[in-house]
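The values are calculated or read from the model by the stated rules, or taken from the named source; none is laboratory data. Only a predicted model underlies this, so the values are computations on that prediction, with no experimental measurement involved. Here the Cβ positions follow ideal geometry from the backbone for every residue, glycine too, while neighbour counts run over all protein chains shown.
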Amino acid sequence: MGSLTGRWRIVEMDLWDQEAIDLVEPGFIEFAGDGTGEFGFIAVRGWMDWRSTERDGRPLVEFSWDGDDEGDEASGRGWAAFGEDGALTGHLFFHLFFHLGDDSGFRATPFTGADTRDGR
């Protein structure tokens, strides 16, 4: 298994279908090598502060995040790890500013050039 750093394409979430995930742009989560990162899906954008560890011998990141949902303040926490199939699996937790504290699992695969919309 490689590193979790890089840009990942969100291909599945517990609470929303792909059309919703990709509402503004293709859904993504990105972990930079310096312990920061960001994600975007629907009209949510979050900036992360992450730390790496291991779970069951696999790389794992845990993070806190803050951002916005259509301009409204949002924040939370989450984690991500390699799944059995090599895809990234994780969970995002939202504080009260977003859907009254909902949380959602997600699955992501490496981002490719084919994952862009209108050349973006």
Meets criteria (among the acidic types (Asp, Glu), more than 21 Å from VAL11 (Cα to Cα) and surrounded by fewer than 15 Cβ atoms within 10 Å (Cβ to Cβ)) for GLU84: no
Where GLY76 falls short, out of the listed (1) crowded, with 18+ Cβ neighbours inside 10 Å; (2) farther than 18 Å from ASP17 by Cα; (3) modelled with pLDDT of 95 or more: (3)
Enumeration of residues in the range 1-31 that are surrounded by fewer than 17 Cβ atoms within 10 Å (Cβ to Cβ) and either in contact with a Leu (Cβ under 8 Å, 6 or more places away or on another chain) or of a type in the set (S, T, N, Q) (or both): SER3, GLN18
Residue list for the range 2-32, filter: out of contact with any Ser or Thr (no Cβ under 8 Å at 6 or more places or on another chain) and among the basic types (Lys, Arg): ARG7
Identity of the residue in the range 24-59, in contact (Cβ under 8 Å) with a residue 40 or more places away in the chain and of a type in the set (A, V, I, L, M), that ends up nearest to THR89 (Cα to Cα): ILE29
